[in-house]
Each structure stands twice: as structure tokens, then as C-alpha cells.
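Reviewing the structure listed below.
Coordinate-derived values only; no laboratory data. It should be emphasised that the depicted structure is a prediction, and the values quoted were computed from it without experimental measurement. When we count neighbours, we look across all protein chains shown, and the Cβ atoms used for this are built from the backbone with ideal geometry, even at glycine.
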Amino acid sequence: MSRQTSDWRSYIFISPTPKSLSGSRKTRLGVNYMVASSPFRETTLDGVTLKISQKLDSEYQVGLQNSNALGVGAVVWDAGDLLLKFIATFPHLFTDKTLIDLGSGTGIVGIVAGWVGKSSTVWLTDHESLRTLNEENILSIGNTFRTHFNKTTNSPFIKFEHYWWGPNPLPEAITSSLTNPHFDIIVASDDLYDDKVFPPLLQTLKLITGDRTLVIFTYKRRMNEREITFFEQLEGEFALGVVDLNHFGCEPYTETYIILAGKKGGAVAKIIEEESQFRPL
């Protein structure tokens with residue numbers, strides 16, 4: 001999985017910012033706009049070809065309040081696709097777990113965690129403007145898995161709820177579905193696209209993470225110094241580890257990383273330090 005957690009800075013940021021990061025918007029953001037302009041993106045996991053609905057919104061709008069614009073959230077980004085591969089490689093980490101996806105976008109990461117990872121409860125959360133897209137993918141991708149596995153029952157619980165970061169408590173619809181006060185897993189896929197969201201995201205992580213919660217980040221490096229600052233602030237209360245992508249058996253996306261975090265002193269923080277726990281099966 002990782003080197004020792006104290007070494008995460010040098011592991012992630014050992015090389016200088018590549019010249020490509022000062023190039024085109026396409027390279028900088030980590031999404032292929034030719035692929036994103038299609039109404040669907042296909043990926044194959046566990047022998048199943050998934051057709052993911054997406055919608056490229058020309059209005060790039062990042063805000064801390066709800067917006068009618070879909071913004072950057074309505075397409076499958078490289079970091080999200082990488083996280084799908086992580087789930088398929090380590091399904092046992094997600095089995096019988098409660099999971100929340102912060103900034104779910106198309107919803108595909110949480111949906112795959114529910115079906116491939118067999119998570120018991122999955123909440124997809126984002127702006128209200130993304131509800132329709134999330135619910136469409138919950139239905140269509142669920143039908144794909146039911147057909148593949150010839151199942152008509154035992155579908156995972158996967159729901160969308162509007163939730164944005166900051167000091168806000170989780171919606172009652174979410175908390176009432178949990179038997180324990182905290183989720184087992186939090187996923188945050190490419191949520192570091194704009195440093196305006198860093199403070200509210202840190203607030204939310206501190207608010208909703210328990211001692212036994214595993215936080216999984218995937219992100220593409222874009223703003224090196226700013227991203228370092230985010231992880232330095234996170235490290236104040238969380239132990240951090242870096243997934244060794246060489247063990248995936250596939251070429252990772254350029255400058256794209258998977259970071260694991262757990263509250264210091266908790267059970268997950270200890271697991272992160274045990275490298276053998278995160279080798280592929």
C-alpha cells in the first residue's frame with residue numbers, strides 16, 4: 001500500500017511539477033474532453049462493461065453553495081476511473097461496509113462500491129443539480145449488474161442525497177439509515193480541483209470521520225503547493241498513506257494518486273501503517 005506514513009510527502013511530491021501542468025486545460029484538469037463530450041463513458045470491471053451516463057457542462061462553476069450548474073461534476077474523471085480499479089482490486093475492503101461518497105459527480109464510484117465491493121449502505125452526496133444524473137446511473141448500472149449476475153434480489157442500498165461540505169451536519173435521511181454514528185468508508189474522488197473547497201472539505205472530514213473510518217482520496221496533481229497544504233492540514237488529525245499503484249498490474253494515470261487516511265489513534269490509522277493489508281488479492 002504505502003511507505004511509512006511519515007514519508008508520504010516525498011513519495012507523492014518527490015518530482016518537480018511537470019511541464020504538462022502548465023499546458024492545456026485538458027491536461028491540467030485530468031479529463032479527456034473528447035471522451036467527456038460523449039453522453040456515456042464505458043469501463044469494464046469484474047467482467048462487466050458499465051455504461052455510465054455523463055453530461056459535459058460548458059459552465060465551469062465551483063461554489064460552496066448549491067448551484068443549478070452541473071459544473072465539473074457530471075463527467076467521469078481519470079481519478080474516478082482509477083478509484084473504480086482500486087475497488088475492483090480490493091473488494092474485501094468494501095464488503096459489508098457503510099460508505100459515503102463526497103462529491104459523487106456521476107455517482108459511479110459509490111455505485112461500484114455497492115455492487116462490486118458489496119458495501120451494505122452507500123450514500124452518494126453532491127449538489128442537488130446532480131440528483132437526476134446520480135439516480136439515472138443507480139438504476140441503469142444496477143440493472144447491468146443484476147443482468148450479469150442473474151440476480152433479482154439482494155441489491156445494495158444506494159441512495160443520493162444533497163449534501164455540501166462545511167460545518168453542516170449530515171442530513172437526517174442519511175444519519176437515520178446508519179446503525180453506527182460514523183461511516184466505515186468515505187471516498188473523495190478528485191475533490192481537490194479548486195482550493196476554495198479545501199476548508200469546508202477539511203471541516204466535513206473532521207466532523208463525519210470516526211476512529212474506525214477509512215478515508216480514500218483519489219486526485220490528479222494540478223496545484224502542487226496548494227495540495228501539499230491541504231494534506232499538511234489533514235495530517236494534523238489523520239494518519240496518511242499512499243497506495244502503491246505498481247501493484248495494480250496496470251499503468252496508472254499520469255500524476256494521479258490514491259491516498260488513505262484514518263484518524264490518529266484509531267484502528268484505521270494502525271491498519272494504514274501495515275503495508276501488507278493493501279496488497280492485491
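Taking the Cβ of residue 43 as the centre, find all other residues whose Cβ is under 10 Å away and add up their charges (Lys, Arg: +1; Asp, Glu: -1).
Residues close to residue 43 contribute a combined charge of +1.
For each of 179, 218, 209, 95, count neighbouring Cβ atoms within 10 Å of the residue's Cβ, then give the residues from fewest to most.
Ascending Cβ contact count within 10 Å gives the list 179, 95, 209, 218.
Once label points are set 7 Å from the Cα along Cα→Cβ at both residue 203 and residue 172, what is their separation, rounded to one decimal in nm?
With each label point 7 Å from Cα toward Cβ, the separation is 2.2 nm.
Residue by residue through the stretch 134-146, what is 3J(HN,Hα) from phi via Karplus (6.51 cos²θ - 1.76 cosθ + 1.60, θ = phi - 60°)? Round to whole Hz and write x for glycine and proline.
Here the 3J(HN,Hα) series is 4, 5, 4, 6, 4, 6, 5, 6, x, 5, 4, 5, 4 Hz.
With a ≥ b ≥ c the root eigenvalues of the C-alpha gyration tensor of the stretch 152-256, is it rounded (a/c under 1.5), prolate (a/b larger than b/c) or oblate?
Note, shape of the stretch 152-256 comes out oblate.
Counting other C-beta atoms within 10 Å, which of 165, 115 has the fewest, and how do the rest follow?
Neighbour counts put them in this order, fewest first: 165, 115.
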